Amino acid sequence: MNTQQYDIAIIGGGPVGAALALALRASELKVCVLEARPANAASSDARALALSYGSRLLLARLGVWDTLHGVSDIRTIHISQKQSFGRAVLHAAELNVPKLGYVLPYPALQDALTGALQSTLSPSRLRPPRYALPASGRGERDSAGEGSGKLQYITGASVTQLTSEADHAVIGYQQDGSEHTLHARLAVVADGGKLLAQRYPPEMHDYGQSALITHITCSAPQANTAFERFTPQGPLALLPFKEGYELVWTAPHQAAQDMLAWDDAKFLRELHQHFGDRVGEFLTVAKRTCFPLGLKRAPQQSPMPHTVLLGNAAQTMHPVAGQGFNMGLRDAWELAQKILDAKPEELGSEAMLAAYRSQRRTDRETGIRFTDGLVRLFSNDLPLVGAGRAAALTALDCLPFVKKFVAKRMMFGANG
Ligand SMILES: Cc1cc2nc3c(=O)[nH]c(=O)nc-3n(C[C@H](O)[C@H](O)[C@H](O)COP(=O)(O)OP(=O)(O)OC[C@H]3O[C@@H](n4cnc5c(N)ncnc54)[C@H](O)[C@@H]3O)c2cc1C
C-alpha cells in the first residue's frame with residue numbers, strides 16, 4: 001500500500017485545526033488536514049462563540065475576518081451576581097478598543113475557515129515539499145481529498161490510530177470504508193480531545209454542570225451589550241446576536257435536562273426569574289441544546305514524539321469566560337510561527353515542541369486558572385464568599401487599572 005509523506009498532518013479540521021492550516025498555507029510545507037466530517041457537510045453545532053478582539057485580529061491576518069457574515073458586536077459587558085450587590089460594567093471606549101468582542105454561530109466560523117482553506121487548494125501546485133520525508137520507493141497515493149498540491153484537505157477521514165517512529169508520526173485513518181496510512185514529520189492533534197484521551201488521559205474536573213444554549217428574544221434588548229450573571233446554580237450569559245441574545249445557562253446536569261423539557265412559557269418565566277429585569281420580558285425561545293461541562297487539561301509534555309496537541313485537545317474549559325476557541329486560536333497561531341521559523345531538521349523535534357510548549361505555558365495556565373477560578377468562586381451561595389465576590393466585582397468596576405488588566409487578558413491572553 002502506498003504511504004503518503006507530509007511535513008505536517010493536522011488531525012481535525014475544526015476551527016482550530018483549520019486556522020493552523022491557513023496560517024501555514026503560504027509556506028512550502030506539505031500539509032494535510034484530516035477531517036472526519038464528509039465534504040460539504042455543514043457543521044450542525046448549535047453553540048455560539050464570543051470572540052475576543054484579539055481573535056478578530058488573528059482571523060484578519062488569516063484572511064477570514066472579512067468573509068464572516070452576520071457577526072454581532074459586543075461593546076459593553078455587564079457582570080453581576082444573583083441575590084447580592086456588586087456589579088461591574090466594561091465599555092470598549094474606556095479600554096481604547098473599538099469592540100470588546102463579537103458573537104457568531106460556530107458553523108458560521110467553521111464555514112468561513114473551511115471556505116478559506118478550500119480557496120487555497122490548487123490541484124496544479126506540484127512544487128516538491130519543503131521537508132517531507134523521502135518517499136523511499138513507497139510512492140505517493142493520489143489526492144485522497146481536495147487538492148493535490150502542498151496543502152490537502154481530506155474530508156470524511158476519521159483518524160483511528162496515531163503512533164510514532166524515530167523521525168515521524170504514523171497516522172491511520174478510515175475513509176469510504178477503506179484504511180489508509182500516512183507519515184508526517186509532525187502530527188498536530190486538533191480533534192477536540194477524543195483520539196488520545198484513553199491512552200493518555202487528561203487531568204479532568206467535572207463541574208457537575210451542563211450548559212443549556214438557545215436563542216431568545218426579549219422586550220427591551222440593550223444593543224451590543226453582553227450580560228454575565230453569576231448564580232449559585234452556575235453562570236448565565238446573554239450574548240447579543242441579531243434581534244435577541246444567544247443564551248448560555250449553566251445548571252447542574254439534572255436541572256439542565258429538566259429545563260430542556262419545560263414548555264416555552266415555563267422556560268421564559270423561569271429565565272426571567274433567574275436573570276431579572278435588565279432586558280425586559282423574555283418573549284421567544286428557539287431550540288434548546290445541552291453540553292456537559294468540565295475542565296480537561298492534557299499533560300504538558302507531548303504524549304509521544306513528533307506530536308503536539310492543540311485547541312480543545314490540549315485544554316477544554318468551561319465556557320464561562322468564553323476562552324476556549326480564543327485560546328485555541330492563539331495555540332494555532334503561535335505553533336504556526338514556531339513551524340515557520342524551524343530549520344528543516346528541527347521540524348517536529350522535541351526541541352521545537354518544547355520551545356512551543358514553553359511559549360504557550362503562561363497563557364494556557366493563566367487562562368485555565370482564571371476560568372476554573374471563576375466557576376468555583378461564583379457557583380455557590382456561601383455568605384462570606386458572596387461578600388468577597390461583591391467586593392471583587394466592585395473593585396473591577398471602580399479601579400481602572402484592574403479593569404484594563406482583566407480586559408486585556410480576556411482580549412489578548414497572557415502573551416498578548
Ligand atoms: C456551550 C459552549 C459555549 C462555548 N462558548 C465559547 C465562546 O463563547 N468563546 C470561545 O472562545 N469558546 C467557546 N467554547 C469553546 C469552543 O467551542 C471550543 O474551544 C472550540 O470549538 C475548540 O475548537 P477545536 O477545533 O479545538 O475543537 P472542535 O471544535 O471540537 O473541532 C474538532 C474537529 O475535529 C474533527 N474530528 C474529531 N475527531 C476526529 C478524528 N478522529 N479524525 C478526524 N477528525 C476528527 C471534528 O469533526 C471537528 O471538526 C464554548 C464551548 C461550549 C461547549
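The values are calculated or read from the model by the stated rules, or taken from the named source; none is laboratory data. Since the structure is predicted, the reported quantities are computational estimates derived from the model, not experimental observations. Every residue, glycine as well, gets a Cβ built from its backbone with ideal geometry; the counts of neighbours run over all protein chains shown. Just the protein is used for accessible areas: all its heavy atoms, side chains included, with ligands, DNA and RNA removed. Shrake-Rupley method; radii C 1.70, N 1.55, O 1.52, S 1.80 Å.
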message: Angle check, please: helix 264-275 long axis (alpha carbons) against the longest principal axis of the chain (alpha carbons), in degrees 0 to 90, nearest 10.
response: 80 degrees
task: Run down the aspartates and glutamates and flag those whose C-alpha is under 16 Å from the C-alpha of residue 194, throwing out any fewer than 8 positions away in its chain.
output: 35, 203
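Arrange the peptides 72-78, 303-309 so that the one whose residues have, on average, the most other Cβ atoms within 10 Å appears first.
On the way: 72-78: 19.0, 303-309: 21.0.
Put in order of decreasing packing, that is 303-309, 72-78.
Could you give me D for the chain, from Stokes-Einstein at 4 °C and 1.567 mPa s, where the hydrodynamic radius is the Kirkwood radius over C-alpha pairs? Units µm² s⁻¹, please.
Numbers: Rh = 22.5 Å.
Here the translational diffusion coefficient equals 58 µm²/s.
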- prompt: When all C-alpha to C-alpha distances in segment 259-353 are sorted into bins of 10 Å, what percent of pairs does each bin hold, rounded to whole numbers?
  reply: 13, 28, 22, 16, 12, 9, 1
- prompt: Hey, with R₀ at 41 Å, roughly what FRET efficiency would residue 28 and residue 91 work out to, going by the Cβ-Cβ distance, to 0.05?
  reply: 0.35
- prompt: residue 354 to residue 405: FRET efficiency via 1/(1 + (r/R0)^6), r the Cβ-Cβ distance, R0 25 Å, to the nearest 0.05?
  reply: 0.25
query: So which lysines pass the test for residue 408, namely a Cα distance under 19 Å, with those fewer than 8 places away in the same chain ruled out?
result: 99
- request: Starting from the Cα of residue 206, step 7 Å along the direction of its Cβ; do the same at residue 78; then give the gap between the two resulting points in nm.
  value: 3.6 nm
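Provide the packing ranking of 361-374, 311-324, i.e. peptides ordered by the mean count of other C-beta atoms within 10 Å per residue, highest first. Each step should come with its number before you reach the end.
Details: 361-374: 16.6, 311-324: 24.1.
Per-residue mean Cβ counts within 10 Å order the peptides as 311-324, 361-374.
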query: Which parts of segment 198-223 would a label at residue 281 reach, counting a residue when its backbone N lies under 13 Å from a point 7 Å out along Cα-to-Cβ?
result: 218-220
task: Quickly work out the residue 261-to-residue 289 label distance, labels modelled 7 Å from Cα along the C-beta direction, and quote it in nm with one decimal.
output: 2.2 nm
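Net charge around residue 276, counting only other residues with Cβ within less than 9 Å of its Cβ (Lys, Arg = +1; Asp, Glu = -1)? Could you put the intermediate results ahead of the total?
Details: positive: 82, 229, 278; negative: 277.
Within the 9 Å Cβ shell, the charges total +2.
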task: Could you state the accessible area per residue of the chain in Å², with a 1.4 Å probe and every protein chain left in place?
output: 42 Å²
statement: Under the Karplus relation with 6.51, -1.76 and 1.60 and θ = phi - 60°, whole-Hz ³J(HN,Hα) for segment 151-156, x at Gly and Pro, equal 10, 10, 10, 9, 9, x
- request: Measure nothing fancy, just the Cα-based angle from helix 324-341's long axis to the longest principal axis of the chain, in degrees from 0 to 90, nearest 10.
  value: 30 degrees
- line: Note: probe point = Cα of residue 254 + 7 Å toward Cβ; backbone nitrogen < 19 Å; residues of segment 291-313 passing the test are 291-293
- request: Please work out how much length the chain gains when fully extended from residue 300 to residue 165, using 0.36 nm per residue of separation minus the C-alpha to C-alpha distance, in nm with one decimal.
  value: 46.5 nm
message: Suppose the chain between residue 392 and residue 270 were pulled fully straight at 0.36 nm per residue; how much longer would it get relative to their current alpha carbon spacing?
response: 41.1 nm
- prompt: With no solvent and one point per C-alpha, what does the Debye sum give as log10 I(q)/I(0) for segment 210-254 at q = 0.26, 0.28, 0.33 Å⁻¹?
  reply: -0.90, -0.98, -1.17
message: Between residue 345 and residue 41, how high is the FRET efficiency from 1/(1 + (r/R0)^6) when r is the Cβ-Cβ distance and R₀ = 41 Å? Nearest 0.05.
response: 0.55
task: Collect residues whose amide H, placed 1.01 Å from N in the peptide plane, falls under 5 Å from the amide H of residue 211; neighbours closer than 5 in sequence don't count.
output: 291, 293
- request: Using θ = phi - 60° and the Karplus relation 6.51 cos²θ - 1.76 cosθ + 1.60, list the HN-Hα couplings for segment 365-372 in order, rounded to whole Hz, with x at every Gly or Pro.
  value: 5, 5, x, 5, 5, 4, 5, 4
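How many percent of DSSP beta bridges within the chain run antiparallel, rounded to 5? Please list the in-between numbers first.
Details: 58 of 83 bridges.
So the antiparallel bridges amount to about 70 percent of the total.
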task: Could you check how much of the accessible area of the chain is carbon and sulfur, as a whole percent, using a 1.4 Å probe?
output: 55 percent
